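Participant: Following this message is one structure expressed as structure tokens.
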Amino acid sequence: MKFQYNKSAIQDFTRQLAIREKALPILKNKETVLRQEEKRAANALEELMNERAQIRQKLEAFGPFWSEFPPIVSIKDPGVYEKKVVGVRVPETSEVTFRLADISWWHYPSWVPAGIQILQQAISTDLMISTKETQRQLLSAARKRMTQKVNLYEKVQIPAYEEAIRKIKRFLEDKENIAKAAQKIMKKKKVPSTT
């Protein structure tokens, strides 16, 4: 850190130090909340993975029938929107809307409606897993950046500003003491000695 040894530098550094000291608790709180949100997203992701495993088992029960399954189901609206979590924009999933092809149900076996329902569950779950994974990654990246900023303020910048202020004050005090001592010496030289 480069600085000049004068009072304006002390004022500038004091102002910068105050800004960082005020911001530090806010940044720490934000980091904590981001950590909690990241953990919440990871837990939700784990639950969705378990749910997907159960749905996959149901899908396998229909295994031989899938070759007969007509292309009836398509996604109308994935229901993905963006929300802010502690200032971080993350994707969130609402309900997925599906479009069913206009078909005559009389020509298809009775298992088709149950198959459609399971297929819709599988698609919805996969979409939610993808969204939660993206959400967790974004929150993790934001938390890491916040941790770096907290460490920068706490371990680098605040101590550096404090040290710079201390050095400048010492320098100015020493300079003042030297000036006073020089004045005393000059006074003693000017006063004629009475002997």
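Participant: Out of all the residues in the stretch 127-144, which are β-branched (Val, Ile, Thr) and surrounded by fewer than 16 Cβ atoms within 10 Å (Cβ to Cβ)?
Facilitator: The one that is β-branched (Val, Ile, Thr) and surrounded by fewer than 16 Cβ atoms within 10 Å (Cβ to Cβ): THR134.
Participant: In the list PRO91, PRO64, PRO71, which residue meets the criterion of being modelled with pLDDT under 90 and either outside any helix (DSSP H, G or I) or aromatic (Phe, Trp, Tyr) (or both)?
Facilitator: Just a single option satisfies the conditions, and that option is PRO71.
Participant: Looking only at the stretch 94-126, which residues are loosely packed, with under 14 Cβ neighbours inside 10 Å, assigned to a strand (DSSP E or B) and modelled with pLDDT of 85 or more?
Facilitator: Selection gives THR97, ARG99.
The values are calculated or read from the model by the stated rules, or taken from the named source; none is laboratory data. Just so we're clear, the structure is a prediction, and the values are computed from it rather than from any experiment. Glycine gets a Cβ as well: all are built from the backbone with ideal geometry, and neighbour counts include every protein chain shown.
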